[in-house]
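Okay, structure first, notes after.
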Amino acid sequence: MRNSSFFGVLLLGLLMAGFNACTEPRDFSSHLRALDSLQTSLNKPESELNAVVLYPRDTVTAKLQFIQDNFKGPMPLPMAHTLLRAGNFRDQWQQLEQWKENLNARSDNLENEMSALRKTLSEMATHDANNAEITALYADSLVATIEVAQQFWHTKINEWLILEARLNKDWQPLNDTLVQWADSIQRAVHK
């Protein structure tokens, strides 16, 4: 009899603990703060990225085309080499433009993911679209996944900014040469 009352009390205690666990309020405030912090850290690099104005490759194309169309006589090898380098710069700018578009698209995806998770956690949803239970561990894993994706995005933005700065630095003397040639060809054409 003594064992049965002990097991009865134990069973009652387990049932009460289980009931309390089911009705215990879920608190995702730390996850929401983490998402707010991630949003803030997303905005600054995105602003830096969008503040950079790439040299217009149409301008490069126009300069190259003008020189090629209007230069008379045999083209010296250094001039041909310089024109080839300018064409390569134009192609690199096109790649930078595409990369920038991809970075902006990834930023939009990250913002959408954070917004969706923030909404889900704010509304205290109990299950996700795949019927997985939303727990603190579940929220931790999603926030961590977004954080890793955002760190990767930050790395790629830094790489982009470094490449863009190097490309602009290397372009400036080449552009000066092209401008001089275009001006001298322009003067020769109008004589």
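The values are calculated or read from the model by the stated rules, or taken from the named source; none is laboratory data. Model, not experiment: these values are computed from the prediction. In this analysis, Cβ positions are derived from the backbone assuming ideal geometry, glycine residues included, and neighbour counts consider all displayed protein chains.
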Hits in the stretch 65-79 - residues which are without any contact (Cβ under 8 Å) to a residue 12 or more places away in the chain and either among the hydroxyl-bearing types (Ser, Thr, Tyr) or surrounded by fewer than 11 Cβ atoms within 10 Å (Cβ to Cβ) (or both): GLN65, ASP69, GLY73, PRO74, PRO76, LEU77, PRO78
Boolean, LYS72 is among the basic types (Lys, Arg), under 24 Å from VAL148 (Cβ atoms) and more than 19 Å from the chain's Cα centre (by Cα): no
Single residue of the stretch 93-135 satisfying the filter (touching a Lys or Arg at 6+ places or on another chain (Cβ under 7 Å) and either within 30 Å of THR61 (Cα to Cα) or in a helix (DSSP H, G or I) (or both)) that is modelled with the highest pLDDT: LEU103
Verdict on SER107 being surrounded by 15 or more Cβ atoms within 10 Å (Cβ to Cβ) and among the polar types (S, T, N, Q): yes
Positions within the stretch 93-124 being over 13 Å from the mean Cα position of the chain (by Cα), of a type in the set (S, T, N, Q) and farther than 20 Å from GLU147 by Cβ, in sequence order: GLN94, GLN95
Matching residues in the stretch 43-58 - criterion: being assigned to a helix (DSSP H, G or I) and touching a helix residue (DSSP H, G or I) at 6+ places or on another chain (Cβ under 6 Å): PRO45, GLU46, LEU49, ARG57
Test set (1) within 30 Å of ARG33 (Cβ to Cβ); (2) out of contact with any Pro (no Cβ under 7 Å at 6 or more places or on another chain); (3) among the aliphatic types (A, V, I, L, M); (4) touching a residue at least 60 places away in the same chain (Cβ under 8 Å) - VAL189 fails condition number: (1)
